[in-house]
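The next block holds one structure in the form of structure tokens; read it before the comments.
The values are calculated or read from the model by the stated rules, or taken from the named source; none is laboratory data. Predicted, not measured: the structure shown is a model, and the values here were computed from it. Positions of Cβ are backbone-derived with ideal geometry, glycine not excepted, and every protein chain shown enters the neighbour counts.
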Amino acid sequence: MTTLKEFEDALKEQGMHMALAILQKLRERDRGKRSVAPARRIAGRKMTPELARRILELHGTTEMTQQEIAFELGVNQGRVNEVIKRGKWLDDDPNSPEAVARDKAKARMKGTTRRERPARSRTGIVAKRRPHKTGNQAQLSLEDL
């Protein structure tokens, strides 16, 4: 299968300038039809009970999809789903599981990087890192014995 770039190159090699012009017009036409969403934010808004109630209000009173609600309010679509389907984030308890998970995630983002943390095995036991062996170590051969 050929790529569009390869197809364009072949048209140029053959001197088919009219075909290239048609291809360019089709691109411009399709670019106008394409709905490209604006870039999403890196860190979303902090979920609060007020924001959760606003999500439920939009969900109940409009025909907006979860993705549209998420974009409108500046949150992740998964959070919108949690509020709608599971009723999460509706109370202001800082000890609720979702609030604790959020705070832990934010602490990880601000804290150490993966390379700075000690290695852990599947059992959760911290493994001691072994020093890297250099390639200059001597080997015994049969002649040495």
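Here is how the numbers come out for the structure above:
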| item | result |
| --- | --- |
| Selection status of ARG120, surrounded by 12 or more Cβ atoms within 10 Å (Cβ to Cβ), modelled with pLDDT under 80 and basic (Lys, Arg) | no |
| Close pairs from segment 1-15: first assigned to a helix (DSSP H, G or I), partner hydroxyl-bearing (Ser, Thr, Tyr), Cβ under 6 Å, at least 6 apart | none |
| Subset of segment 45-94 (residues that are charged (D, E, K, R) and in a loop (DSSP other than H, G, I, E, B)) | ARG45, LYS46, GLU63, LYS88, ASP91, ASP92, ASP93 |
| Lone qualifier among LYS5, LYS46, LYS88 - being modelled with pLDDT under 90, charged (D, E, K, R) and out of contact with any helix residue (DSSP H, G or I) (no Cβ under 8 Å at 6 or more places or on another chain) | LYS5 |
